[in-house]
Amino acid sequence: IEVTRHGLEQYDNPAVMWTGGKDSTLTLYFINEVAEQFGYEKPTAVFIDHYQHFDEITDFVEHWADEWDIELVYARNEDVGAYVDAHGLEPGDDVPVAELSEHNQHHVREILEYEEDTFPFLLDTYVGNHLLKTVALNDALEEYGIDGVISGVRWDEQEARADETFFSPRHDPDLFPPHDRIQP
């Protein structure tokens with residue numbers, strides 16, 4: 001409760017990451033209960049739409065956002081999504097890097113140092129994951145001025161998360177908009 005209260009008090013515009021899965025839904029429910037109990041404004045929920053969700057997940061998220069009176073924003077890489085829609089691509093189909101915006105090409109070529117002409121439209125690939133999740137989230141953080149990202153992580157689930165703390169700064173502007181991760 002104290003980590004959550006601190007996150008809601010200390011950040012100008014905190015938001016909760018919400019996938020529609022059990023961990024993030026429980027986290028969102030808990031955050032909202034703390035906000036109501038202590039008189040804080042409910043934070044916005046951010047849903048990363050990577051264009052590969054089951055319709056039922058999106059329906060679930062929209063239903064509960066409405067039911068709980070939560071502002072829901074979508075983090076999307078609309079450039080990739082528009083290309084996928086315009087060309088009727090399915091997961092696994094190739095996306096030409098040259099057809100992407102300068103912003104996305106910069107991420108692919110300069111940040112990821114990816115040299116291939118195409119990448120598969122998949123979440124479990126280096127480029128696909130970065131463009132569909134990381135870039136989408138970073139763009140949403142900038143667009144909505146989010147300075148604290150609350151997420152329900154299992155610290156023992158992935159080796160990369162073992163070094164996380166309750167408050168983990170992300171302040172390398174070359175990689176992401178400056179913000180802190182809040183993990184109650």
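The values are calculated or read from the model by the stated rules, or taken from the named source; none is laboratory data. Keep in mind the model is a prediction, meaning the values are calculated, not measured. Heads up, the Cβs are rebuilt from the backbone with ideal geometry, glycines too, and the neighbour counts pull from every protein chain shown.
Taking the conditions (1) small (G, A, S); (2) assigned to a helix (DSSP H, G or I); (3) at pLDDT 95 or above in turn, A160 satisfies each one other than (3). Residues of region 110-124 that are loosely packed, with under 13 Cβ neighbours inside 10 Å, on the phi < 0 side of the Ramachandran plot and over 20 Å from the mean Cα position of the chain (by Cα): E110, E115, E116, D117. From the list D49, D12, the one residue that fits, being within 21 Å of E143 (Cα to Cα), of a type in the set (D, E), touching a residue at least 40 places away in the same chain (Cβ under 8 Å) and exposed (fewer than 14 other Cβ atoms within 10 Å of the Cβ), is D12.
Using the structure shown, decide if D85 is without any contact (Cβ under 8 Å) to a residue 60 or more places away in the chain, closer than 29 Å to T25 by Cβ and not in a loop (DSSP other than H, G, I, E, B). Let's see the steps before the verdict.
Details: without any contact (Cβ under 8 Å) to a residue 60 or more places away in the chain: yes; closer than 29 Å to T25 by Cβ: yes; not in a loop (DSSP other than H, G, I, E, B): yes.
Taking the combined requirement at face value, the residue satisfies it.
In summary, L72 fulfils each of the numbered conditions (1) at pLDDT 95 or above; (2) surrounded by fewer than 14 Cβ atoms within 10 Å (Cβ to Cβ); (3) under 21 Å from D147 (Cβ atoms) with the single exception of condition (2). Tallying residues that are closer than 26 Å to E143 by Cα and either of a type in the set (V, I, T) or assigned to a helix (DSSP H, G or I) (or both) within region 88-124 yields 14. Once region 1-42 is narrowed to residues that are touching a Phe, Trp or Tyr at 6+ places or on another chain (Cβ under 9 Å) and of a type in the set (S, T, Y), the residue that is nearest to I57 (Cα to Cα) is T19.
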